[in-house]
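A.B. asks: Right, I'll just put the structure down here and ask away after.
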Amino acid sequence: IQSDIARLDRFNLIGQMAAGIGHEIRNPLTVVKGYLQLMGSKPELEPHFSKIETMISEIDRANSIITEFLSLAKHKSSELQNQNINSILLNLYPLLQADTFTQNKQIVLATQPTPYILLDYKETSQLILNLFRNGLEAMHENGTLTIRTYVEDVHVVLAIQDEGPGIPLEYIDKLGTPFFTTKDTGTGLGLATCYSIAERHQAKIRVESSPCGTNFMVYFPIPQTK
Ligand code: ADP
Ligand code: MG
């Protein structure tokens, strides 16, 4: 028990330090961004506009790394409650739909009735959003993203399938490694967050990928009555 408490304290300490550092870095970044935006509105600085734009977007990137890192480092214990994944999906759906339509892409929701499982509402929403965003980002216009839920043996499966170019074999092993990204403006923290959320739900993530698309499947255990 003693070592458990020590562990907990350490996690709290790391979480608090991360939050503190995040805050301390974000404030100066906000100031710098503000001045850059001001400079970007001065006609006499026109020759430097593209550099200023690059600096602003790099600051935005640093900010999103901090945001995602904080949600990863917080390490609060999950609040697992008996819930239905389909109702979480339905609540998120308007948001997902809006994102897909503004990018001229399609979304299909294909849910099957599933039993209640132990889920943390916020974390599960975050997991869905991160996989959804990756799928969307991987696709050209008119691509279709399909979200499925179904039961397989003793698991409820959430599957998010895109029609993107797929993930090269040499990258598959790197998925979920913090900061691994192939995108110019990526943070490489989306999947790391997904894997850590899945772990807290005792869920497993599987990936199937081909040049026609990628399917991320999350296997949530169905609580077994003894
Ligand atoms: P980010 O999206 O910020 O790059 P992620 O952790 O979400 O970070 O994803 C890491 C990398 O995994 C991406 O940069 C991309 O190369 C690859 N990836 C993830 N999902 C997909 C997908 N659906 N299709 C193709 N590549 C993907
Ligand atoms: Mg991502």
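A.B. asks: Mind pulling the per residue volume of the convex hull built on the Cα atoms of the chain? Å³ is fine.
C.D. replies: Hull volume normalised by residue count: 157 Å³.
A.B. asks: Separate question: Do the sum for the chain: with -39,500 (n - 2.57) for every DSSP H run of n ≥ 4, divided by all residues, what is the mean residue ellipticity at 222 nm, to the nearest 500 deg cm²/dmol?
C.D. replies: Result for the chain: -17000 deg cm²/dmol, rounded to the nearest 500.
A.B. asks: Among Leu145, Leu38, Leu72, determine the one that fluctuates most according to a GNM of the chain built with springs between C-alpha atoms less than 10 Å apart.
C.D. replies: Leu38
A.B. asks: Calculate how steeply helix 190-200 sits against the longest principal axis of the alpha-carbon atoms of the chain, using the helix alpha-carbon long axis, and give the answer as 0 to 90 degrees to the nearest 10.
C.D. replies: Tilt relative to the chain: about 30 degrees.
A.B. asks: With charges set only on the Cβ (+1 for Lys and Arg, -1 for Asp and Glu), what does the dipole of the chain come to about its Cα centre, in debye to the nearest 20? Mind dumping the intermediate values first?
C.D. replies: Working: 19 positive and 24 negative charges, 101 e Å.
Roughly 480 debye for the chain.
A.B. asks: Express in nm, to one decimal, how much length is gained between Ala98 and Asn82 on full extension, taking 0.36 nm for each residue of separation and deducting their alpha carbon distance. Working shown, then result.
C.D. replies: On the way: separation 16, 0.36 × 16 = 5.76 nm, distance 2.83 nm.
Separation in residues times 0.36 nm, less the Cα-Cα distance, equals 2.9 nm.
A.B. asks: Could you give the size of the charge dipole of the range 114-226 about its Cα centre, using +1 on the Cβ of each K and R and -1 on the Cβ of each D and E, expressed in debye and rounded to the nearest 20?
C.D. replies: Computed charge dipole of the range 114-226: roughly 360 debye.
A.B. asks: By how many degrees, 0 to 90 and rounded to 10, does the Cα axis of helix 85-102 deviate from the longest principal axis of the chain?
C.D. replies: 30
A.B. asks: Let me ask you something else. Using the Karplus equation 6.51 cos²θ - 1.76 cosθ + 1.60 (θ = phi - 60°), what ³J(HN,Hα) coupling, rounded to whole Hz, does each residue of the range 214-223 give in order, writing x for Gly and Pro?
C.D. replies: Rounded to whole hertz, the list is 10, 10, 9, 10, 10, 9, 8, x, 8, x.
A.B. asks: For the range 168-226, what mean projected area does the convex hull of the alpha carbons give, in nm²?
C.D. replies: Projected over every direction and averaged, the Cα hull of the range 168-226 covers 5.1 nm².
A.B. asks: Let me ask something else. Between Gln106 and Glu137, what is the spin-label point distance in nm, taking each point 7 Å from the Cα along the Cα→C-beta axis?
C.D. replies: According to this spin-label approximation, the distance is 2.5 nm.
A.B. asks: Expressed in nm to one decimal, what extension gain is obtained for the pair Phe179 and Thr30 from 0.36 nm per residue of sequence separation less their Cα-Cα distance? Walk me through the intermediate numbers first.
C.D. replies: Numbers: separation 149, 0.36 × 149 = 53.64 nm, distance 2.25 nm.
So the extension gain works out to 51.4 nm.
A.B. asks: Now a separate question. Give the Kirkwood hydrodynamic radius (Å, one decimal) of the range 43-96, defined as one over the mean of 1/r across all pairs of different Cα atoms.
C.D. replies: On the way: mean 1/r = 0.0654 Å⁻¹.
By the Kirkwood definition, the hydrodynamic radius is 15.3 Å.
A.B. asks: Between the DSSP loop rule and a limit of at most 11 other Cβ atoms within 10 Å, which GluC sites (Glu not before Pro) in the range 87-156 are left?
C.D. replies: Listed in order of number, the matching sites are Glu141.
A.B. asks: So, in nm, how far is label Gln202 from label Ile56 when the simple model puts each one 7 Å beyond its Cα toward the Cβ?
C.D. replies: Result: 5.0 nm between the two label points.
A.B. asks: Ordered by residue, what ³J(HN,Hα) values in Hz, to whole numbers, does the range 154-171 give under the Karplus form 6.51 cos²θ - 1.76 cosθ + 1.60, where θ = phi - 60° and Gly and Pro are x?
C.D. replies: For the range 154-171, the Karplus curve yields 9, 10, 9, 10, 10, 10, 10, 10, 10, 10, x, x, x, 10, x, 3, 5, 9 Hz.
A.B. asks: Projected onto the charge dipole of the chain (+1 at Lys/Arg Cβ, -1 at Asp/Glu Cβ, origin at the Cα centre), which of Ala73, Phe49, Gln224 gives the Cα projection farthest towards the positive end?
C.D. replies: Value computed over the given set: Gln224.
A.B. asks: To check my understanding: the extent here is largest minus smallest coordinate of the Cα atoms along each principal axis. What are those three numbers for the range 21-145, in Å, largest first?
C.D. replies: Taking the Cα atoms of the range 21-145, the three principal extents are 63, 39, 19 Å.
Since every read-out is calculated from the coordinates, none of them should be taken as a lab result. For clarity, every value in this text was computed on a predicted model and none was experimentally measured. Please note: Cβ atoms are built from the backbone with ideal geometry, for glycine as well, and neighbour counts cover all protein chains shown.
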